[in-house]
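Notes follow the structure.
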Amino acid sequence: MRTFHTTTGLADSNFMSREHIQTEPGCGDPFAAEALSIEAAARCIEAGMVPIRDREEVPLRDALGRILAEDVLSPINVPSHVNSAVDGYAMRSADLPSRGSANLTLIGTAWAGRPCGETVQPGQCIRIMTGAKMPDGTDTVVMQEHAERTEAGIRVGEGHRPGQNVRLAGEDLAAGHPAAGAGKKITPAALGLLASLGIPRVAVTRRLRVAFFATGDELRSIGEPLGDGEIYDSNRYTLYGMLAHLGVDQLDLGVVADTPEAIRGAFNQAADRADVIITTGGVSVGEADYVKEVITDLGEVTFGKIAIKPGRPLAFGRVGRSLFFGLPGNPVAVMVTFYQLVQPALRRMMGETRTSPARFEARCLSRLKKRPGRTEFQRGRLTVDADGRVAVSKTGAQGSGILSSMSAADCFIVLPPESGTVEPGDTVWVEPFEGIA
Ligand code: AMP
Ligand code: MG
């Protein structure tokens, strides 16, 4: 795990100022009875979040998964030369027969990386390999499967197109044109594209620093025996996994006891060292839920309850110079609220411009119990039926503490507030957890 242990403060420019916290309807009262819609919560977060501006230059391979800090223009044409797209014979298009066939004399061979020095005259051709530079005088390639070998060369039939099977210089990327824009996440394809330009280093935004801790007197760490009424802490593990996927630097502050003093101590340790502080548990209305009170005292809480299931108690605000997300304690609620609200904010803070997840329709094969009122994120598995249509089934019991429903899932089934119970055969929205890249 990448962690940060520096005690140096963060640059002022990276933090929101008061002017940035705009007023959204429903924002501003963490103890309001009314729950905020997920859309309004996302707008509050957007208004309170400031992208980091620090950047660093890294060797190309290290840029995988990072966010480009500036536009990259292609310094060269890719490909740099006109070349053959197939193995075959390069010739002049004027020599292609319009009817019948034509005999051409073979005068040489062009290999990828080893051009042929000959200039092709009328009636001549050159054996050429994929990627080889087109010899002078040629503009067309006939695939080897479409040419008949003769003693002196080849015989070519009709039906060929002038200029066929030739890749033009700069057809992938022309010199001076944008290859990748600021805010783009470097995928394996982008890494290859930048390599094809011969670029050795790129500017990316610095890694976000995220501190987190779990609250709960009932929580034990792996390796400790479980006492009566105790459970193992799993939220710090799902958080570790989700943050690791985002490539942020992590500061894990462990499990913190359910006392205002302990929670205050943990916040003080994290504030000013982290861009973002995430907590789990202790944000509901129970007797031992102190997180919101402590934050209200130390900083500011913008909202405290949202109309989603699972994950209704969710606090957002700031403490010192750090953005604060107080996630619920229930393990599925932690993951749902992280993916739906925290992850997009962290990605935007790192400068990423494309952060909305793919969402599409699927036929639901299960009955999904739901009451209108909240946006629900049930957990599902995608399948493709015999007709090629996408279907989804729920992954067992959907309680907010049932982490196996999440572990078995490969997508969220997103049910809007107005939706009631879903019957088998109904169409629902799904959000896949992972794409191909
Ligand atoms: P809370 O929001 O603190 O009332 O917690 C809600 C539920 O989530 C309770 O059943 C807790 O025991 C459980 N919970 C809280 N934190 C964790 C954690 N770190 N790992 C697993 N379960 C947790
Ligand atoms: Mg608790």
### Query
What about Ala266, is it small (Gly, Ala, Ser), modelled with pLDDT of 95 or more, away from ligand 1 (no atom under 16 Å from the Cβ) and buried (at least 19 other Cβ atoms within 10 Å of the Cβ)?
no
## Note on the structure
The correct count of residues that are within 24 Å of Met350 (Cβ to Cβ), free of Cβ contacts under 8 Å to residues at least 24 places away in the same chain and loosely packed, with under 14 Cβ neighbours inside 10 Å in region 25-56 is 1
#### Entry: Residue list for region 271-288, restricted to those being at negative phi and within 8 Å of ligand 2 (Cβ to nearest atom)
Ser284, Gly286, Ala288
### Message
I'm checking my understanding of the structure. Among residues of region 191-219 that are within 16 Å of ligand 1 (Cβ to nearest atom) and either without any contact (Cβ under 8 Å) to a residue 24 or more places away in the chain or outside any strand (DSSP E or B) (or both), which one is nearest to the chain's Cα centre (by Cα)?
### Response
Gly216
### Message
Suppose we filter Lys292, Lys370 for residues that are over 20 Å from Val50 (Cβ atoms), out of contact with any Ser or Thr (no Cβ under 8 Å at 6 or more places or on another chain) and either within 16 Å of ligand 2 (Cβ to nearest atom) or in a loop (DSSP other than H, G, I, E, B) (or both); which single one remains?
### Response
Lys292
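Matching residues to (1) within 16 Å of ligand 2 (Cβ to nearest atom); (2) assigned to a strand (DSSP E or B); (3) in contact with a His (Cβ under 7 Å, 6 or more places away or on another chain):
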{"position": "Gly223", "(1), (2), (3)": "no, no, no"}
{"position": "Arg236", "(1), (2), (3)": "yes, no, no"}
{"position": "Leu239", "(1), (2), (3)": "yes, no, no"}
{"position": "Met242", "(1), (2), (3)": "no, no, no"}
{"position": "Leu251", "(1), (2), (3)": "no, yes, no"}
{"position": "Gly265", "(1), (2), (3)": "no, no, no"}
### Query
Can you tell which of Gly183, Gly170 is on the phi > 0 side of the Ramachandran plot and within 18 Å of the chain's Cα centre (by Cα)?
Gly183
### Summary
The lone condition Thr279 fails out of (1) surrounded by fewer than 24 Cβ atoms within 10 Å (Cβ to Cβ); (2) within 12 Å of ligand 1 (Cβ to nearest atom); (3) in contact (Cβ under 8 Å) with a residue 60 or more places away in the chain; (4) of a type in the set (S, T, N, Q) is (1)
### Message
Looking only at residues that are surrounded by fewer than 18 Cβ atoms within 10 Å (Cβ to Cβ) and of a type in the set (A, V, I, L, M, F, W, C) in region 282-297, which one is farthest from ligand 1 (Cβ to nearest atom)?
### Response
Val285
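The values are calculated or read from the model by the stated rules, or taken from the named source; none is laboratory data. Keep in mind it's a predicted model, so treat the numbers as computed, not measured. Note: ideal-geometry Cβ built from the backbone for every residue, glycine included; neighbour counts use all protein chains shown.
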